Amino acid sequence: MTLDEKLEGIYDDVLRRNPAEPEFHQTVHDVLTSIGPVLAKHPDLAEHKIIERICEPERQIIFRVPWQDDAGEVHISRGFRVEFNAALGPYKGGLRFHPSTNLGVVKFLGFEQTFKNALTAMPIGGGKGGADFDPKGRSDDEIMRFCQSFMTEMYRHLGEYTDVPAGDIGVGEREIGYLFGQYRRITNRYESGVLTGKGIGWGGSQVRTEATGYGTVFFAREMLRTRGDDLGGKTCVVSGAGNVAIYAIEKLEQLGARVIACSDSSGAVHAPRGIRLDELKQVKLSERGRIARYVELDRDATFVEHGNIWDIPCDLAVPSATQNELTRRDAATLLRNGCTMVVEGANMPTTPDAVRLLEEAGALFGPGKAANAGGVATSALEMQQNASRDSWTFEHTERRLESIMTSIHRICAETAEAYATPGNYVCGANIAGFLRVGRAMVALGLV
Ligand code: NDP
């Protein structure tokens, strides 16, 4: 897609000032391609240089994380926190522990998060962080030591009114526990609202664990509703087998769909009769094992080492592993096999040329910025419960999540309609998010 001249200049500047950060360039380009019509309607946003300001993080923190393995060997990892935009509230966004984590990846995630958080209509700004630490194969003690070392630097940048991290790839309840324990120890403050994704017994919220996956499926259901359709009987393929994937599978099954495949970085599992959730949870959550182990527990399923999950025919694809995992070639295969809908559980898992192909073919496409916002929205509900020293029931919290996802869907659909791109959720999400953040930035003065 081409940008108009003014936006092209802004994008060139982003390329120049942020070299060798392809994921960050990609997400900025995605937003800039949508917002041309907004500037025509709201020239004040251009006058205040909102786009230029929104593309520049407020603060970028990079730090050394030294830690020792069980054999006593010393390792040095690199930690990051990019505090992207706090116009709407404290920086909010997860921490990722994965060897591919670098500044450009964290900036892409922080930029996405800023728009996503705005879409939730909750008082949260955008941020993201993590480390290039690889937790795979590490003992519990090694994970704890790493988390403690990470927090020993990170704590000074956090606070319930400043910056509130959560989990992401490689960071779940166990890691949040170790991080929170170290924060509490250093500061001598039981400041529950400083991290979300905590355990239910120590300040966590019901439904936070399930929220991203459940929310993605609620969003998919709303999209189908616009075509008078529902999830009943739909055949689905969900990539990944982590937090987002597992709970997307759970909600899809609850709503009558059949999930026939999932994956991890070692390969894909194909279960034509449907993935058995208890067995999947045993392998991935209890044993923390590889996905190949699943087929030992479900004899109807087959494991394809390094297999491409998008080759498996389905009605609905839910990429829920990582960025750029669904390419144009994959999109072409999905379409050829009869797939009519892709909804992103992960952040930016579909490459731009794949998105274009899906849109041209008339498939429904739900971008992660909107579709996977249920996780951060429920984190905001966790902060709300922490602030009022309250805890809500599962049912109440799930109803709140459902209603937030319905609202996000509505604002995306209405905005797409208002800007002459009906049914285009990418434009709807980018424009609606941009308007909320941009208006707040104008109101706050030159920040
Ligand atoms: P998890 O660590 O729980 O699971 C990630 C899954 O994706 C694992 O199965 C992992 O396989 C697979 N995966 C990760 N990286 C790669 C890779 N490079 N190639 C192939 N497979 C890979 O993470 P989450 O489920 O929390 O996150 C998944 C996605 O959802 C990410 O894009 C994240 O940013 C996004 N997201 C997460 C939210 C949350 O609340 N957790 C909120 C919103 C978005 P393996 O174990 O083999 O590496």
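The values are calculated or read from the model by the stated rules, or taken from the named source; none is laboratory data. Computed from a predicted structure; not experimentally measured. All Cβ positions, glycine included, derive from the backbone under ideal geometry; neighbour counts span all protein chains shown.
Matching residues to (1) among the β-branched types (Val, Ile, Thr); (2) within 20 Å of Ala118 (Cβ to Cβ); (3) surrounded by fewer than 19 Cβ atoms within 10 Å (Cβ to Cβ); (4) at pLDDT below 95:
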{"position": "Gln384", "(1), (2), (3), (4)": "no, yes, yes, no"}
{"position": "Thr393", "(1), (2), (3), (4)": "yes, no, yes, no"}
{"position": "Ile404", "(1), (2), (3), (4)": "yes, yes, no, no"}
{"position": "His409", "(1), (2), (3), (4)": "no, yes, no, no"}
{"position": "Glu414", "(1), (2), (3), (4)": "no, yes, yes, no"}
{"position": "Thr421", "(1), (2), (3), (4)": "yes, yes, yes, yes"}
{"position": "Tyr425", "(1), (2), (3), (4)": "no, yes, no, no"}
{"position": "Arg439", "(1), (2), (3), (4)": "no, yes, yes, no"}
{"position": "Leu444", "(1), (2), (3), (4)": "no, yes, yes, no"}
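Out of the residues in segment 247-265 that are buried (at least 24 other Cβ atoms within 10 Å of the Cβ) and free of Cβ contacts under 8 Å to residues at least 60 places away in the same chain, which is farthest from Met348 (Cα to Cα)? Talk me through it step by step, then tell me what you get.
As a first pass, look at segment 247-265 and keep what is buried (at least 24 other Cβ atoms within 10 Å of the Cβ): 247-249, 252, 257, 259, 261-263.
Those left that are additionally free of Cβ contacts under 8 Å to residues at least 60 places away in the same chain: 247, 249, 257, 259, 261-263.
Details: Tyr247: 19, Ile249: 19, Ala257: 24, Val259: 22, Ala261: 20, Cys262: 18, Ser263: 17 Å.
It comes out as Ala257.
If you take the residues of segment 127-146 that are surrounded by fewer than 24 Cβ atoms within 10 Å (Cβ to Cβ) and either at positive phi or in a helix (DSSP H, G or I) (or both), which of them is nearest to the chain's Cα centre (by Cα)? Even if it seems obvious, please write down each step before you answer.
Restricting attention to segment 127-146, the residues satisfying the condition of being surrounded by fewer than 24 Cβ atoms within 10 Å (Cβ to Cβ) are 132, 134-145.
Retained after the next criterion (residues that are either at positive phi or in a helix (DSSP H, G or I) (or both)): 137, 140-145.
On the way: Gly137: 24, Asp140: 25, Asp141: 27, Glu142: 26, Ile143: 22, Met144: 24, Arg145: 26 Å.
Once the filter is applied, the top-ranked residue is Ile143.
Among strands (runs of 3 or more DSSP E) lying entirely in segment 25-106, which contain 3 or more residues that are of a type in the set (A, V, I, L, M, F, W, C)? Let's see the steps before the verdict.
Working: elements: 59-68, 74-85, 91-97.
Correct list: 59-68, 74-85.
Is segment 78-86 home to any residue that is of a type outside the set (Asp, Glu) and more than 20 Å from the chain's Cα centre (by Cα)?
Going residue by residue through segment 78-86, those that are of a type outside the set (Asp, Glu) are 78-82, 84-86.
After this cut, where a residue has to be more than 20 Å from the chain's Cα centre (by Cα) as well, the list is 78.
Yes: segment 78-86 contains one or more residues that are of a type outside the set (Asp, Glu) and more than 20 Å from the chain's Cα centre (by Cα).
If a residue has to be at positive phi and in contact with a helix residue (DSSP H, G or I) (Cβ under 9 Å, 6 or more places away or on another chain) to count, how many in segment 349-388 make the cut?
0
Does Ala268 fit the bill of being touching a helix residue (DSSP H, G or I) at 6+ places or on another chain (Cβ under 6 Å) and not assigned by TED's automatic domain parsing to the domain that holds Ile124?
On the way: touching a helix residue (DSSP H, G or I) at 6+ places or on another chain (Cβ under 6 Å): yes; not assigned by TED's automatic domain parsing to the domain that holds Ile124: yes.
So Ala268 passes the test.
Within the group Arg336, Arg288, Arg293, which residue is free of Cβ contacts under 8 Å to residues at least 40 places away in the same chain and within 11 Å of the ligand (Cβ to nearest atom)? Please lay out each step first, then the result.
Values: Arg336 fails: within 11 Å of the ligand (Cβ to nearest atom); Arg293 fails: within 11 Å of the ligand (Cβ to nearest atom).
From the options Arg336, Arg288, Arg293, the qualifying one is Arg288.
Would you point out which residue out of Arg145, Arg81 is more than 16 Å from the ligand (Cβ to nearest atom), touching a residue at least 60 places away in the same chain (Cβ under 8 Å) and among the basic types (Lys, Arg)? Lay out the reasoning, then the answer.
Numbers: Arg81 fails: more than 16 Å from the ligand (Cβ to nearest atom).
Checking each option against the conditions leaves just Arg145.
Go through (1) of a type in the set (Lys, Arg); (2) within 20 Å of Ala387 (Cβ to Cβ); (3) part of a helix (DSSP H, G or I) one by one and return the number of the condition Arg185 breaks.
(2)
Residues Ala440, Ala346, Ala370: which one is away from the ligand (no atom under 16 Å from the Cβ) and in contact (Cβ under 8 Å) with a residue 12 or more places away in the chain?
Working: Ala346 fails: away from the ligand (no atom under 16 Å from the Cβ); Ala370 fails: away from the ligand (no atom under 16 Å from the Cβ).
Every option except Ala440 fails the conditions.
Under 6 Å between Cβ atoms, at least 6 apart or on separate chains: pull out the pairs that start in segment 158-171 with a residue that is in the same structural domain as Glu83 (by TED's automatic domain parsing) and end on any residue that is part of a loop (DSSP other than H, G, I, E, B) and within 11 Å of the ligand (Cβ to nearest atom).
Every condition considered, the pairs that remain are Ala166/Thr196; Ala166/Gly197; Gly167/Gly197; Ile169/His98; Gly170/His98; Gly170/Pro135.
Looking for something under 21 Å from Leu444 (Cβ atoms), assigned to a strand (DSSP E or B) and small (Gly, Ala, Ser) - is there at least one such residue anywhere in segment 119-126? Outline the logic, then answer.
Within segment 119-126, the first condition is being under 21 Å from Leu444 (Cβ atoms), and the residues that meet it are 119-126.
Those still in the list that are assigned to a strand (DSSP E or B) too: 126.
Now restrict to residues that are small (Gly, Ala, Ser): 126.
Among the residues of segment 119-126, at least one is under 21 Å from Leu444 (Cβ atoms), assigned to a strand (DSSP E or B) and small (Gly, Ala, Ser), which makes the answer yes.
Suppose we filter segment 245-283 for residues that are of a type in the set (D, E, K, R), touching a strand residue (DSSP E or B) at 6+ places or on another chain (Cβ under 8 Å) and assigned to a helix (DSSP H, G or I); how many remain?
Counting residues in segment 245-283 that are of a type in the set (D, E, K, R), touching a strand residue (DSSP E or B) at 6+ places or on another chain (Cβ under 8 Å) and assigned to a helix (DSSP H, G or I) gives 1.
Within segment 324-356, how many residues turn out to be among the hydrophobic types (A, V, I, L, M, F, W, C) and over 18 Å from Gly428 (Cα atoms)?
The initial filter retains those residues of segment 324-356 that are among the hydrophobic types (A, V, I, L, M, F, W, C), namely 326, 331-332, 334-335, 339, 341-343, 346, 348, 354-355.
Adding the requirement that they be over 18 Å from Gly428 (Cα atoms) leaves 326, 331-332, 334-335, 339, 346, 354.
Here the count works out to 8.
Output the residues belonging to segment 389-403 that are in contact with a helix residue (DSSP H, G or I) (Cβ under 7 Å, 6 or more places away or on another chain) and of a type in the set (Val, Ile, Thr).
Answer for segment 389-403, where residues must be in contact with a helix residue (DSSP H, G or I) (Cβ under 7 Å, 6 or more places away or on another chain) and of a type in the set (Val, Ile, Thr): just Thr397.
Return the total of residues in segment 306-325 being more than 11 Å from the ligand (Cβ to nearest atom) and outside any loop (DSSP other than H, G, I, E, B).
Number satisfying all stated conditions: 4.
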